[in-house]
Structure formats: structure tokens, C-alpha cells
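Structure record follows, encoded as C-alpha cells.
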Amino acid sequence: MATAEQMKLVFRLGQIRFSLPVDHLVEIRQGSAGGIDRTCQDLTGGQLGSIHHQDGQLGVYDLSYYLQLPPWSGSGEIDLLVLSGSDGPWAVPVDEVVGIFPNEAFSPLTTAPLLTHICKGEGVACEQWQDTLLFCGDAGQWERLRG
Amino acid sequence: MADVGSRRLGLFYSRHGNIALPAEKLIQVLEQPRLYGGPFLPAYVIGLVRFQTEILPVLQCGNQAPGSVVEPFYVTVCGSSLGLVGFGCDQVRQIADWESGRYEELTEPDYCGAVGRFFHQTETYTVIDVDLLVECLPE
């Protein structure tokens, strides 16, 4: 049986699909957009609010904000990825959780040097999954972007 | 005459402005390729395209209002000093010799990398120095 290190999550944020190693993930939660407590919302910093998690609150952040994508605008029932972080877990809403697949299902693609040059030095790695281009996610990089 | 390293030019029609690219830089023209969005892309990149096993940015040269770019029918893949780059266009016209038209150097380029105008038959094309253009792109 494949372990977490050998599996990746595929999800969609807006029109863009990402992969994420499963060991970067604490859990996937389903809930409603209305269930996000907006009292600590800080849209200028990308924080959408917080949710109850175990005995406390968990920050919910808009990953689109940090990746310079159109703002997340989900409503109704949503999926939240709870990610591991150096100072504790944090959560990001996504538009679709496609599934979890073994690493062998993904084929790496190279990125043109120009792409790295124009993406402000941020690593942009891509891979092929089925007939779809995926951007390789990294919870550590996202946490660093969050600041 | 500007030194764009070529005696021939690939001529491309675009509703955002015709472009001429040095023939030696041309690698392949992709017809109706799938364009992808992606993280961290500046506004001058209209998308990413897969070419063989490489992902490269597609630029829209020419003058257009922000947000007015329409997905191009063709993407011309070119080599550059920073690897592969794509240019969006609507029609592939032809490969033309310099002598088949008239060239004027631009003293005030519309954008960095646009080095001249090439007048060919009834059309005008902006001649692009691909290496200069990619090196000018802001990080």
C-alpha cells in the first residue's frame, strides 16, 4: 500500500489545477463558506477568517492572494485543505478536490528559464497528470509567501 | 539595418499588431494550442503553453488595452537567450527576405525589443529582437 509520501492530492483553484504531496496535508474538511468566521478577516493580508478546529481556531487564508491569481470567490459548500505549518496548521479553501493519486501517475515537465525569470524568482514547477497540466504545490512555500 | 541576426523574417498577423520575428529564432508554430493560466504570471504573459516536455510563457506583442487580449489562434515558439518563448498571433503570413520589403529602424520603440518596422506588400510589421525583448521583461 502506498504511503502518504508516495501520494499526491490534485485540486483546483479557480481554473488552475495543482498537485500537493499528501504529507503536506493535515486533513481535508468540508463545510460551508458561511461557516468561516469573518471577524478576524484581513483581505489586505489574504486572511479570509477562521474556523473551529479541535479546541481552537484555525486561520483560513486565500491561497489565490499569495499566488497572484484572481481572488477566491467560493460560496455554498466548500472544501478546505488544512495544511501543515511551522507554527501550526492553517487552512485554504479550494474549488474542487479532484482526488489522491500515486506519484507514478505524475510526469514531471520542465519550465522554460524565462518563466522562472518573470515569476519573480518564485519556483514554478509543473507536471503532467492524465492530459492536464498541474502546478506543483508546496505547503512550505505557501506558508513563506503568507509571511 | 538593425542586427536581429537574420536575413529573413517570419511575418505574423495579430489583431493586436503585426510582428516580424527573425527566421533563425523560429522553432515551431502551434495551431490552437491549449493555453493555461498559472501562478505569479505578470499581465504581459497571456498564458502558458506546453511544447514537448517544456512549459513556456506566451507573450502578446503589440498594442492593446489591458484585458482586451483574445486567445490567439497560433503560438509561435522561438528560441531566445532565456530559453523558449511563445508569441501569440492570429495568422502566419510567410517567411520573407529582408530585400522583399522596406525596413525602418524605430527611434522611439513602442516597447523594449521592438527595433524596427518592416513594410511588406500592404502590411506593416513590428520587427522584434527576441533576445532583447526577453532580457527587458521585468522580473
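Overview of results
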{"item": "Over segment B:69-130: Kirkwood hydrodynamic radius from C-alpha pairwise inverse distances, Å", "result": "13.2 Å"}
{"item": "Amide H contacts under 5 Å for A:G49, placed H, 5+ residues apart", "result": "A:D42, A:V60"}
{"item": "Largest to smallest principal axis extent of the C-alpha atoms in the protein assembly as shown, angstrom", "result": "77, 43, 29"}
{"item": "Phi to ³J(HN,Hα) by Karplus 6.51 cos²θ - 1.76 cosθ + 1.60 over segment A:22-28, Hz, x for Gly, Pro", "result": "5, 6, 8, 10, 8, 6, 10"}
{"item": "Listed residues B:Y111, B:S100, B:L82: farthest to the positive end of the dipole of segment B:73-139 (Cβ charges)", "result": "B:S100"}
{"item": "Shielding by partners - mean other protein chain Cβ count within 10 Å, residues of B:81-88", "result": "4"}
{"item": "Descending semi-axes in Å of chain B, equivalent ellipsoid built from Cα gyration tensor", "result": "23, 15, 15"}
{"item": "Residue-wise HN-Hα coupling along segment B:19-31, computed from phi with Karplus coefficients 6.51, -1.76, 1.60 (Hz; x: Gly, Pro)", "result": "10, 10, 10, x, 4, 5, 8, 6, 10, 6, 9, 9, 8"}
{"item": "Relative intensity, log₁₀ I(q)/I(0), of chain A from a Debye sum that treats every alpha carbon as a point, q = 0.17, 0.18 Å⁻¹", "result": "-1.00, -1.11"}
{"item": "Exposure proxy order (Cβ contacts within 10 Å, fewest to most) of B:S80, A:S86, B:S100, A:S32", "result": "A:S86, A:S32, B:S100, B:S80"}
{"item": "Unit charges on C-beta of K, R, D, E only; dipole of chain A, Debye", "result": "320 debye"}
{"item": "In sequence order, calculated HN-Hα J values of segment A:66-73 (Karplus, 6.51, -1.76, 1.60; Hz; x Gly/Pro)", "result": "7, 9, 6, 10, x, x, 5, 9"}
{"item": "Neighbour-count ranking [beta-carbon atoms within 10 angstrom, fewest first] of B:I55, A:I51, B:I27", "result": "B:I27, A:I51, B:I55"}
{"item": "Cα-projected label distance for A:Q128 with A:Q68, points at 7 Å along beta-carbon direction, nm", "result": "2.7 nm"}
{"item": "Selection from A:Y66, A:F101, B:F73, by position along the positive dipole direction of the protein assembly as shown (Cβ)", "result": "B:F73"}
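No value in this document is a laboratory result; all are computed from the given coordinates. Everything numeric in this text was worked out from a predicted model, so none of it was measured. Ideal geometry is used to build each Cβ from the backbone, glycine not excepted, and the neighbour counts take in all protein chains shown.
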